[in-house]
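I have placed the structure first, in the form of structure tokens, so that the comments after it can refer back to it.
The values are calculated or read from the model by the stated rules, or taken from the named source; none is laboratory data. A quick note: this is a predicted structure, and the numbers were derived from the prediction, not measured. Note that each Cβ is placed from the backbone with ideal geometry, even for glycine, and that neighbours are counted across all protein chains shown. In case anyone asks, the SASA skips ligands and DNA or RNA and just uses the protein heavy atoms, side chains included. Shrake-Rupley method; radii C 1.70, N 1.55, O 1.52, S 1.80 Å.
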Amino acid sequence: MTTPVDTALIQSLDSQHFLHPFTDFKDLAARGARVITRGEGIYVWDSEGQKMLDAMSGLWCVSVGYGRKELAEAAYQQMMTLPYYNSFFQTTNVPAVQLAARLAGLAPKVDGRAFEHVFYSSSGSESNDSNVRMVRRYWDLLGQPQRKVIIGRHNGYHGSTMAGASLSGMSAMHAQGDLPIPNIAHIEQPYFYELGKPGETSAEFGVRAARWLEQEILAIGPDKVAAFIAEPVQGAGGVIIPPDTYWPEIQRIVDKYGILLISDEVICAFGRVGHWFAYEKFGYRPDLVTFAKAVTSGYIPLGGVMVGDRVAKVLIEQGGEFNHGYTYSGHPVACAVALANLDLMARENLPGRVRSDIGPYLARAFTQLNEHPLVGAAESCGFMAGLVMVKNKATKEAFDPRLEVGMRCRSHCFKNGLVMRAVGDRMIIAPPLIMSHGQIDEMMTLIRRCLDDTLAELRAAGHFE
Ligand code: PXG
């Protein structure tokens, strides 16, 4: 058991010394941070002893749940054997090589194209920085240095470094720090609920949304476009699931103009949507795949890029130094933990479980929330799901953003012992992939309770009929 924690002391030191990510520091200092002290299975506990069902897997990462001793053991063993060595100067290490080979084996070939190579980093953001560097190097080597523009999407999330935040399509992030950096463009997201036209089917919308890419390519000039980057399902943007017609049309367009396709699978890989890699589910052929988070189930930082044959061949065969890399590229302890994590995922068949058991089970339960008076639309993909709370279901009228309905709901979640994330008025989940049916039922009961409590609060304040 853990030793008791002096909550007031930790909160005070926290506000004195710790600047949290994506946080209003003044506001947090006034409220005090919740101190999370322990995790086991799908639950976490705070320093006051409150138990919470973690429907967000930490931050989309703890896919195998908390307290898995195999992962701690793998880290311990590797630290005792070789805690660190670099891979810069003609050296390598065993776990980094083994993991690269394992990942290459897990990434399915599509139309004969394989992913035989991995470039490592320690996070999703760094991996996308590596993508920008690698994409530009690729086109330089092919004698097309004018191909510099990378197209992302509004409300996409690709990280928080200068390049990661630039590829992301979040206006609040761009507003702070003169972003995006040059040669990054954005198209609109495939969010049917908000952007579908009256009378349009989701299939029709999916094709129309994909064609925004073609319009942007033509506006920029096809010979200037280097790559398109997108998440298979937008995570941080609010679990925005594209219509089935979206990805095939995107594939047609990138093929037509010969531009590289980057699948940012930092959230979607390693079972989240029922496959080791999400491009398999959606049936497209990326050239680069970003990964991080669940590759170690968040137990230790690790990220990277799966480099497909098309890019790897040029980088390797043309030669010349690629002037890019990190101290921790191929960190032996992180790679050893990833290997143990992937072993565990394979042993427990987590991608298969999501695909044919708990994914469909969650889908049945979650879509029933469409009947709730507050819910405009509720849908899931694999083991991630999102719903939008609206003022009027029939007209899709949104709440006044100043009411902060999502944050109100999130407060009810904490109170009821549930961790659920609010993105505006969307409530989203990405629970650990180890959940039993009983635990999914327990989570759904909590979600309903939180929606009911939010509804009662809005009604009492006269904000809902
Ligand atoms: N790409 C995607 C698709 C992500 O979801 C990153 C890149 C960046 O990864 P790092 O490891 O640099 O954080 C992410 C990260 C949220 C939230 O609020 C989501 C992320 C990170 C922090 C918060 O949902 N995703």
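A few comments on the model shown:
So that you can scan it fast, the table gives a plain yes or no per residue for (1) closer than 20 Å to G320 by Cα; (2) modelled with pLDDT under 95:
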{"position": "T92", "(1), (2)": "yes, no"}
{"position": "P95", "(1), (2)": "no, no"}
{"position": "P108", "(1), (2)": "no, yes"}
{"position": "W139", "(1), (2)": "yes, no"}
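- All positions within the stretch 364-419 that are at positive phi and surrounded by fewer than 18 Cβ atoms within 10 Å (Cβ to Cβ): K396, E404, G417
- Members of the stretch 133-158 that are within 13 Å of the ligand (Cβ to nearest atom) and either part of a strand (DSSP E or B) or open to solvent by 10 Å² or more (accessible area, probe 1.4 Å) (or both): G152, R153, N155, Y157
One line per residue, one yes/no per condition, for (1) touching a residue at least 40 places away in the same chain (Cβ under 8 Å); (2) under 25 Å from Y193 (Cβ atoms); (3) out of contact with any strand residue (DSSP E or B) (no Cβ under 7 Å at 6 or more places or on another chain):
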site	(1), (2), (3)
V333	yes, no, yes
M345	yes, no, yes
E348	yes, no, yes
A363	no, yes, no
N370	no, yes, no
F383	yes, yes, yes
K391	yes, yes, no
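- Among the residues of the stretch 432-451, those that are part of a helix (DSSP H, G or I) and either in contact (Cβ under 8 Å) with a residue 40 or more places away in the chain or open to solvent by less than 30 Å² (accessible area, probe 1.4 Å) (or both) comprise H437, Q439, I440, D441, E442, M443, M444, L446, I447, R448, C450, L451.
- Qualifying residue in the stretch 251-260 (condition: in the same structural domain as G105 (by TED's automatic domain parsing) and under 30 Å from R68 (Cβ atoms)): no
- Of the criteria (1) among the small types (G, A, S); (2) within 16 Å of the ligand (Cβ to nearest atom); (3) more than 30 Å from G376 (Cβ to Cβ), which one G169 fails: (3)
- The listed residues are G308, G303, G298, and the only one of them that is modelled with pLDDT of 95 or more, assigned by TED's automatic domain parsing to the domain that holds T245, open to solvent by less than 10 Å² (accessible area, probe 1.4 Å) and within 13 Å of the ligand (Cβ to nearest atom) turns out to be G303.
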